[in-house]
Amino acid sequence: NSLPPILHPLLNYFEDTYVGRHRPQGRSNPLFKIELWNMHQRTTDLLMRTNNSDEAWHRRLSSVTKCQHPTLWLFINNLKTEEHYIYCQLIKLNAGEKIQSNKKYLKYSVRLRNLIQHPLPSILQQLDGLPHNL
């Protein structure tokens, strides 16, 4: 009710797309289910929240390939090389060797989890605290 009229289109977009509109019998279904985009539980459990690992693997495969449009056989050979690398990494994991996580991102995840588990008194303070923890 206290939202400035200029922000109503933005609110409508978020209601239609992410949370659903208020209806007398509850909320309508949003375009994207909350379970699909909500990262609260993943953040609390310190799990991945992005597809950065996929992007890193793609970058690694691109660097191994060393060209934009490899021939089919070169691509297959590079996939074999990558498969061998992944197999060696799995052997290390199965042997109990720990994967080194990036300390910067681990500290960030811990700060973000702390902010979620111990929310600030008002939503505005909570939103103000987010950028300081990114």
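Below is a table of values for the structure above.
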{"read-out": "Residue in segment 84-92 that is closer than 17 Å to residue 47 by Cβ and among the hydrophobic types (A, V, I, L, M, F, W, C) present", "value": "no"}
{"read-out": "Pairs, first on the phi > 0 side of the Ramachandran plot in segment 101-116, second modelled with pLDDT under 85, C-beta under 9 Å, six or more apart", "value": "none"}
{"read-out": "Output for segment 89-102, where each listed residue is assigned to a loop (DSSP other than H, G, I, E, B) and aliphatic (A, V, I, L, M)", "value": "95, 99"}
{"read-out": "Check on residue 51, under 30 Å from residue 117 (Cα atoms) and exposed (fewer than 12 other Cβ atoms within 10 Å of the Cβ)", "value": "yes"}
{"read-out": "Residue that is nearest to the chain's Cα centre (by Cα) [pool: residues in segment 17-56 that are part of a helix (DSSP H, G or I) and touching a residue at least 24 places away in the same chain (Cβ under 8 Å)]", "value": "43"}
{"read-out": "Exclusive hit being out of contact with any Asp or Glu (no Cβ under 9 Å at 6 or more places or on another chain), loosely packed, with under 10 Cβ neighbours inside 10 Å and among the hydrophobic types (A, V, I, L, M, F, W, C), set 76, 6", "value": "6"}
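Results for (1) in the same structural domain as residue 66 (by TED's automatic domain parsing); (2) in a helix (DSSP H, G or I); (3) modelled with pLDDT under 80, shown as yes or no for each residue.
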residue	(1), (2), (3)
84	yes, yes, no
104	no, yes, no
107	no, yes, no
110	no, yes, no
116	no, yes, no
124	no, yes, no
129	no, yes, yes
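The values are calculated or read from the model by the stated rules, or taken from the named source; none is laboratory data. From a predicted model like this one, the values you see are computed outputs, not experimental measurements. Virtual Cβ from ideal backbone geometry, glycine too; neighbours counted across all protein chains shown.
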